[in-house]
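Heads up: the structure comes next, in structure tokens.
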Amino acid sequence: MIAPSPAHMMIAAIIAVSVLLMLIRPRNIPEAYWISGGVLVLLALRLITPQLVAHAMAKAVDVCLFLIGMMLLSELAREHGIFDWLSSLAVRKANGSCFRLFALVYVVGAAVTIFMSNDATAVVLTPAILTAVRKAKVPPLPYLFVCAFIANAASFLLPISNPANLVVFHDAMPPLARWLIAFSVPSLLSVVTTFFVLRFWFGSELRESIVERPEAKLLNANGKLVLASVGVMVAVLLTASSFGRDLGLPTCLAAIAITTLICIKERANPVTLVREISWSTLVLVAALFVMVDAAENIGAMCYTTKWLTWAQHLGLAAGEFVTGFAVGVANNLVNNLPLGLIAGSTVHAAHANSAMATAVLIGVDLGPNLSITGSLATILWLIALRREKLNVGFWDFLKIGAVVMPIALVGSLGGAILIQLLLGAS
């Protein structure tokens with residue numbers, strides 16, 4: 001084997017340090033600064049070319065457009081009280097039962113994740129749930145952990161449920177019908193097993209009763225219009241997905257159209273909504289694409305490709321379990337966005353069959369339920385809690401995730417293998 005050149009070693013070291021700093025966030029400096037800073041260092045040292053950067057950023061456009069659309073729609077829904085209405089409705093429908101409230105919050109979180117992406121559940125639904133349970137005067141942590149875990153557990157039922165889905169498949173996104181055949185049963189098992197494990201974990205808290213019942217939150221006419229518009233947008237995206245189209249541009253255009261309609265009706269300034277978009281997240285995504293292309297350019301993907309090729313030769317069941325668990329655990333070492341990019345490139349380079357591609361995606365989406373470093377959605381959830389003066393430490397999350405994630409992953413991968421056996425693995 002040819003020894004790596006000093007330049008290749010420097011590229012690998014800069015990428016590794018940048019990802020590590022992104023995860024630990026020294027002095028609470030946002031993740032985007034560390035990754036984009038790493039890209040600038042690579043450029044300044046002429047370890048990568050501007051052409052590589054431009055090519056990588058072009059590949060990031062679809063994901064960034066998807067994120068812009070979803071963040072704009074989420075902010076519009078938050079501004080018009082849809083998340084407050086959903087959380088208030090859950091508390092009132094609980095009829096004094098903490099367990100019923102827990103189940104309703106879980107259902108609401110699953111619906112928001114499936115139709116508006118896991119980032120919406122982590123960033124926008126979580127504060128609304130916290131406000132509602134505080135008014136109900138019940139311990140908030142069981143319901144907040146629900147938001148974190150369901151944001152990943154339900155994030156692969158639809159292609160639009162998680163930006164990582166677009167990252168993994170990129171320009172080879174399966175049509176909607178094929179997606180549902182592959183992922184509906186694994187997703188259902190993921191959601192169900194996660195619910196029962198969390199129900200067991202928080203059993204004592206859920207036996208309590210709700211004493212206070214907050215006043216009902218009502219949607220005004222514009223709130224109802226936004227809610228209906230969300231349904232229209234989901235229909236547009238599912239139609240695009242059914243034809244195997246990229247989802248970024250339809251998502252962004254639909255969100256802009258909805259925002260324009262609402263702002264004209266209200267005579268409101270859309271700049272306020274645009275400012276709420278997390279532009280730093282888009283910088284982070286684009287910079288991660290550059291990092292992965294740089295790693296691929298020095299031959300780093302050869303190792304992951306060889307590993308995935310080896311895993312394919314283990315047989316259907318063993319191959320999927322080994323791949324799913326390896327990818328799932330690896331998420332928590334490097335975060336699911338860079339890992340999703342690496343996994344997507346590896347699946348393409350190894351010409352992986354549909355069974356292995358399914359296991360990879362399940363690992364990328366569900367694996368982050370192990371720890372707070374696993375996904376961007378979980379990190380955003382943690383930041384949302386800290387803003388509300390609630391602190392969930394690494395070990396607090398890990399001791400629950402170490403039980404929840406493996407059980408859900410076994411169930412989900414088992415469902416995927418069953419589907420493959422019924423249909424015949426490709």
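Simple spin-label estimate for residue 178 and residue 396 gives 4.4 nm between the two label positions (7 Å along the Cα-to-Cβ direction from each Cα). The label-point distance for residue 333 and residue 137, in a model that sets each label 7 Å from Cα toward Cβ, rounds to 4.9 nm.
Can you bin segment 181-314 into rounded, prolate or oblate? Criterion: square roots of the alpha carbon gyration tensor eigenvalues sorted a ≥ b ≥ c, rounded for a/c under 1.5, prolate for a/b above b/c, oblate for the rest. The shape class here is oblate. Exposure proxy for 49, 346, 305, 378: other Cβ atoms within 10 Å of each Cβ, ordered fewest to most, give 49, 305, 346, 378. Applying a DSSP loop filter and a limit of 15 other Cβ atoms within 10 Å to the trypsin sites (Lys or Arg not before Pro) in segment 85-147 leaves 137. For segment 18-116, the square roots of the Cα gyration tensor eigenvalues, ordered a ≥ b ≥ c, give a/c of at least 1.5 with a/b greater than b/c, which places it in the prolate category. Computed over the chain, relative contact order equals 23 percent, with contacts defined as Cα pairs under 8 Å that lie 6+ residues apart. For the pair residue 269 and residue 242, a Förster radius of 45 Å applied to the C-beta separation gives a FRET efficiency near 0.80, rounded to the nearest 0.05. Mind checking which of 355, 188, 219 is farthest towards the positive end of the chain's charge dipole, using Cβ charges of +1 (Lys, Arg) and -1 (Asp, Glu) about the Cα centre? Going by the charge dipole, the pick is 219.
An oblate overall shape is assigned to segment 274-426, the ratio a/c of its alpha-carbon gyration tensor axes (a ≥ b ≥ c) being 1.5 or greater and a/b not exceeding b/c. Remark: the chain carries a charge dipole of roughly 860 debye about the Cα centre, counting +1 on each Lys and Arg Cβ and -1 on each Asp and Glu Cβ.
For segment 80-153 versus segment 318-381, the inter-centroid distance based on Cα atoms is 26 Å. Candidates 236, 327, 132 compared by Cα position along the dipole of the chain: farthest toward the positive end lies 132, with charges placed on Cβ. Between the helical axis of 126-136 and the dominant principal axis of the chain, each derived from Cα atoms, what acute angle in degrees is found, rounded to the nearest 10? Rounded to the nearest ten degrees, it is 30. The charge dipole of segment 138-242, taken about its Cα centre with unit charges on the Cβ atoms of Lys, Arg (+1), Asp and Glu (-1) only, comes to about 180 debye. Footprinting exposure proxy ranking of 279, 85, fewest other C-beta atoms within 10 angstrom first, gives 279, 85. Against the chain, whose longest principal axis is taken from its Cα atoms, helix 50-79 shows a tilt of about 10°. Were the residues from residue 280 through residue 24 laid out at 0.36 nm apart, the gain over their Cα-Cα distance would be 90.5 nm. Cβ crowding within 10 Å ranks 224, 389 as 389, 224, fewest other Cβ atoms first. Tell me the angle of helix 354-366 to the major Cα principal axis of the chain, expressed in degrees between 0 and 90 and rounded to the nearest ten. Taking Cα atoms only, the helix is inclined about 50 degrees.
Spin-label model, residue 227/residue 213: points 7 Å from Cα along the beta carbon direction are separated by 1.9 nm.
Among the listed pairs 135/265; 93/224; 306/399, those whose Cα-Cα separation exceeds 29 Å are 135/265; 306/399.
Taken together, the values in this text are just the output of simple stated rules run on the coordinates, not laboratory data. Small disclaimer: the values here were computed from a predicted structure and weren't measured. Don't worry about glycine lacking a Cβ; one is built from the backbone with ideal geometry, like all the others, and counts go over all protein chains shown.
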